[in-house]
Amino acid sequence: MSGKKDSIKGPIKGPIKEAAGTLTGKEVFRAKGPPEPTVCDVKQAAHQAVTAVKETAQADIDKATQAAEESIEEAKAAARKRSQK
């Protein structure tokens, strides 16, 4: 390595430092805590949330459509019954 103190960059930096602290017993490495989420992590979480909302909305739309179709069929059947009397 180049001898620089923080030469490891990116999302693997935190886990590597934590492992180094565990192996060496130096608390200075372990005290850093978990790595901050990356932009990719945030985008992925946002995408998952949007997908979940879309799926839930579509399921609600499907249920409402089915209920409306059933109501229409019931109304048609009732109208046929009245017209046959």
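Since every read-out is calculated from the coordinates, none of them should be taken as a lab result. Because the structure is a prediction, the values reported are computed rather than measured. Note that we place each Cβ from the backbone using ideal geometry, even for glycine, and neighbour counts take in every protein chain shown.
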With Gln48 itself left out, Lys, Arg at +1 and Asp, Glu at -1 over residues whose Cβ is under 12 Å from its Cβ give 0
Per 0.36 nm of contour for each residue apart, how much would the distance between Arg82 and Thr65 grow if the chain were fully extended, relative to their Cα-Cα spacing? 3.5 nm
